[in-house]
């Protein structure tokens, strides 16, 4: 089930091919930890505030499938210590090209705020030989 609170560019029903998506770009100024498709970070201005993003594992792992933007993020929430209660974290998710290499990427911005820093997570690539022409 998709995470609530997403705003998508160009549109939530915009389709992206996972096979052409090279990176997930998180726009946030904070130390970030990542375990496969789960990304967590803490607000550097307030270390009591913790954030969590979970990308659908079927998207994170390479495939030749196509996805609409509104089905890629499974979880997007935060909590403020000492309370363990989570609250939805609104976000912007966009399809764009990133950096000098013009990597086709998904861009994630918590709360729709633009931060000066980016964390780039390279998505798992295609299996060896996938893009090769068939052997004759």
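For the stretch 1-89, which strands (runs of 3 or more DSSP E) that fit wholly inside it have 1 or more residues that are surrounded by fewer than 13 Cβ atoms within 10 Å (Cβ to Cβ)?
Ranges flagged: 15-17, 32-35, 66-68.
In the stretch 94-112, what residues are closer than 13 Å to residue 28 by Cα and in contact (Cβ under 8 Å) with a residue 24 or more places away in the chain? Lay out the reasoning, then the answer.
First, pick out the residues of the stretch 94-112 that are closer than 13 Å to residue 28 by Cα: 107-112.
Listed by number, the residues that qualify are 107, 108, 109, 110, 112.
Being more than 16 Å from the chain's Cα centre (by Cα) and more than 16 Å from residue 118 (Cα to Cα) is the filter here; which residues of the stretch 34-48 pass it?
At the first step, the residues of the stretch 34-48 found to be more than 16 Å from the chain's Cα centre (by Cα) are 42-48.
Within the stretch 34-48, 45, 46, 47, 48 qualify.
In the stretch 111-131, is there at least one residue being within 20 Å of residue 14 (Cβ to Cβ) and surrounded by fewer than 17 Cβ atoms within 10 Å (Cβ to Cβ)? Give the derivation first.
In the first step, residues of the stretch 111-131 are kept if they are within 20 Å of residue 14 (Cβ to Cβ); the result is 112, 123.
Filter once more, so that each one left must be surrounded by fewer than 17 Cβ atoms within 10 Å (Cβ to Cβ): 112.
Checked the stretch 111-131: at least one residue is within 20 Å of residue 14 (Cβ to Cβ) and surrounded by fewer than 17 Cβ atoms within 10 Å (Cβ to Cβ).
The numbers here are math on the coordinates, done by the rules we state, and not lab data. Keep in mind it's a predicted model, so treat the numbers as computed, not measured. Note that each Cβ is placed from the backbone with ideal geometry, even for glycine, and that neighbours are counted across all protein chains shown.
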